[in-house]
Amino acid sequence: AVVSTQSTGSRTDTEQLLLPLLRVLYNAECHSTHHLYMVLILLLILTHDDAFSSYVHDQILPSVPWYKERVLTDISAGGLLILIILRTIQANMTKLRDRYLHTNCLAALANLSSKFHSFHPYVAEKLVNLFCNFVKKYGKLSTACEGTEDLTEVQAAEISTLEDVIRIFLEVFNCTLCYSGKNNTALIYEMLHKREVFTRFRTHPTLSEHVANIETVLACLTERLELKSEQEGVSVTGVQEVIEELARQWPSDRLQMTPVLKFEYIEESESNEFFVPYIWTLIFSESSLYWDTSRITLR
């Protein structure tokens with residue numbers, strides 16, 4: 001189970017633990033569902049730790065040779081963590097459609113949001129693009145269901161799930177702007193580029209409250225860009241310069257501060273039904289002991 005909590009501090013963990021976990025998620029097709037769930041539980045526990053969530057963004061990785069989609073250089077361990085979480089959500093959206101996996105990935109992403117720092121441009125692009133994909137899917141489904149008085153159970157469940165996912169993404173963006181917006185110019189650049197995707201929720205009955213701070217920041221940025229455009233025109237480099245200028249004069253006083261997002265892993269009442277078979281499977285497969293398979297019984 002995943003529940004929302006207030007943040008607490010504890011000791012940090014290093015990328016020596018984190019990177020092997022991320023590599024398991026990256027190669028998800030080579031591992032059992034039980035193994036993936038264990039990794040997600042560990043990531044949720046780790047990201048609940050404020051010290052860990054801050055620390056991973058300070059650890060710069062010169063390269064990530066096992067990441068094949070593109071060459072990654074000088075990316076933080078935190079950036080790689082976000083990238084692998086997003087990749088896992090994307091794969092789950094198109095293939096597995098596992099609600100438990102979705103919930104844990106989004107919870108870990110939310111835990112990190114107040115500590116996002118110095119986003120790698122590729123990570124910022126992936127985060128905003130994945131949000132846009134969910135919004136596009138939600139828009140298509142909503143349009144298809146317009147005028148339908150009696151939605152099927154499947155349609156209603158899918159719309160509800162998509163709204164929940166979009167809400168968490170908006171809360172993540174919101175939390176980042178409130179607590180570390182000035183440290184994430186690459187993310188703000190991507191949000192500005194896809195501004196219309198955010199503003200479409202301005203009048204949404206349940207999601208509008210999560211858009212207010214986003215609109216405030218983007219409006220401040222747009223004002224500065226229009227002024228600069230009138231004076232000298234604006235190139236891509238000019239846009240980035242204006243964003244950096246805004247970061248130095250961050251409009252904190254104009255933002256509606258929200259609580260830090262925190263989710264923690266809560267053990268289910270019958271969790272032994274999951275953990276015990278999995279642990280024994282590991283003992284059987286990884287230990288050097290001889291086992292007579294005909295006499296193995298789990299009780």
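The values are calculated or read from the model by the stated rules, or taken from the named source; none is laboratory data. As the structure is a computational prediction, the values presented were derived from the model and not from experiment. Every residue, glycine as well, gets a Cβ built from its backbone with ideal geometry; the counts of neighbours run over all protein chains shown. The area values use the complete protein model at the heavy-atom level, side chains included, leaving out ligands, DNA and RNA. Shrake-Rupley method; radii C 1.70, N 1.55, O 1.52, S 1.80 Å.
Under the 0.36 nm per residue contour assumption, what length would be gained going from the current alpha-carbon distance of Thr161 and Asn183 to full extension? Intermediate values should be presented prior to the final figure.
Working: separation 22, 0.36 × 22 = 7.92 nm, distance 3.10 nm.
Result: 4.8 nm gained on full extension.
How much of the accessible area of the chain, in percent, comes from carbon and sulfur atoms when a 1.4 Å probe is used? Write out the running numbers ahead of the final one.
Details: 8200 of 15970 Å².
Ligands and nucleic acids excluded, carbon and sulfur reach 51 percent.
Computed over all pairs of different Cα atoms, the Kirkwood value for the hydrodynamic radius of segment 37-86 is 11.6 Å.
Rg and Dmax of segment 54-133, both derived from C-alpha coordinates alone, stand at 12.6, 34 Å. Heavy atoms of the protein chains alone define the surface here; on that basis segment 140-276 has 56 Å² accessible area per residue at 1.4 Å probe size. Solvent exposure of segment 12-64 amounts to 44 Å² per residue of accessible area, where only protein heavy atoms count and the probe is 1.4 Å. In segment 143-206, the alpha-carbon atoms span a convex hull of 104 Å³ per residue.
Which value, in debye to the nearest 20, gives the size of the charge dipole of the chain about its Cα centre, when Lys and Arg are +1 and Asp and Glu are -1 at the Cβ? Approximately 440 debye in magnitude. Based on alpha carbons, the Rg and Dmax found for segment 13-160 are 16.8, 55 Å.
By how many nm would the segment from Glu69 to Ser252 lengthen if fully extended, with 0.36 nm per residue of separation less the alpha-carbon distance? Write out the running numbers ahead of the final one.
Values: separation 183, 0.36 × 183 = 65.88 nm, distance 3.67 nm.
Result: 62.2 nm gained on full extension.
Taking the longest Cα principal axis of the chain as reference, the axis of helix 15-26 is set at about 90 degrees.
From the coordinates of this entry, Cα Rg over 2.2 N^0.38 Å is computed, and it appears in (i) 1.01; (ii) 1.36; (iii) 1.11 under the label (iii). In order along segment 147-158, the phi-based Karplus estimate (6.51 cos²θ - 1.76 cosθ + 1.60, θ = phi - 60°) of 3J(HN,Hα) comes to x, 8, 6, 10, 6, 6, 4, 5, 4, 4, 5, 5 Hz; Gly and Pro are listed as x.
Here the Gaussian network model covers the chain, with springs between Cα atoms less than 10 Å apart; of Ala110, Ala219, Ala157, Ala157 fluctuates the most.
Extending 7 Å from Cα along the Cβ direction at Ser208 and again at Thr148 yields two label points whose distance is 2.6 nm. Each listed q (0.12, 0.15 Å⁻¹) maps to a log10 I(q)/I(0) for segment 84-202, found by the Debye formula over equal Cα scatterers with no solvent: -0.45, -0.70.
Here the extension length gained between Ile279 and Ile60 equals 75.5 nm, from 0.36 nm per residue of separation less the Cα-Cα distance.
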